[in-house]
Amino acid sequence: MTSKNPVNPYLSLNEIPPGYLNLMGYVDESEVNGPGYRAVLWVQGCLRECPGCFNPDSWSFEMNQLIAVNTLVEKISSHPRNEGVTFSGGEPFWQAQALAELARKVKAKGLNVMSFTGFTLEQLQSEDAPAGSQDLLAQLDILIDGPYIRSLAINSPDSPVSSRNQRVHVFNSALKNRINWASDQTEVHILKDGRRIVTGYLGQLLLSD
């Protein structure tokens, strides 16, 4: 009987060219993934495989949508209603270096940046954190940390977190009174090819024809 060894995410991450991100999905002008109108990036790749995960299609580290950071900056900036950017996934901190670069560039244009993560803040501040974690943390205005634990699920549309172990860290005091986005609502974004992205409560993403 052979044991199943965990996949080393860096084997796939090393295939991502410098200055690029591997994404699962993207939308503009979302109102249910953070304060105000926001661009939302769902990165590809996560090792946790949490029971009840909202985005299981994001677990694989295989190449999905490779997009240059500079292309994303232009795309985000082309929508004047976007006042911020949210990183979700997947696990954003496995691609922390490229996300930190993206965050710096959109913040230079006056946008705020928040991220979900399955890591705790303490883990991200440790020596064992994924490469670039400190750089990304330094750019964040809001961090929602901790893995989703189904037995601790809150199941309340009024909560910005999905399970009781998760925490909201507000690093930008200008946003401390804005942790009140419409997380109880669902959005449907129609893409140019006719497909639909359905997003909403707790950062989930569904792609359908």
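The values are calculated or read from the model by the stated rules, or taken from the named source; none is laboratory data. Source: prediction; values computed, not measured. Glycine gets a Cβ as well: all are built from the backbone with ideal geometry, and neighbour counts include every protein chain shown. Note: areas computed on protein heavy atoms with side chains; ligands, DNA, RNA excluded. Shrake-Rupley method; radii C 1.70, N 1.55, O 1.52, S 1.80 Å.
Assorted remarks:
- Sparse packing (at most 12 other Cβ atoms within 10 Å of the Cβ) combined with a DSSP loop state is found for the following trypsin sites (Lys or Arg not before Pro) in segment 64-106: Arg81.
- Solvent-accessible surface of segment 1-138, averaged per residue with a 1.4 angstrom probe and all protein chains in place: 47 square angstrom.
- Fraction of accessible area attributable to carbon and sulfur, segment 28-145 (%, probe 1.4 Å): 45 percent
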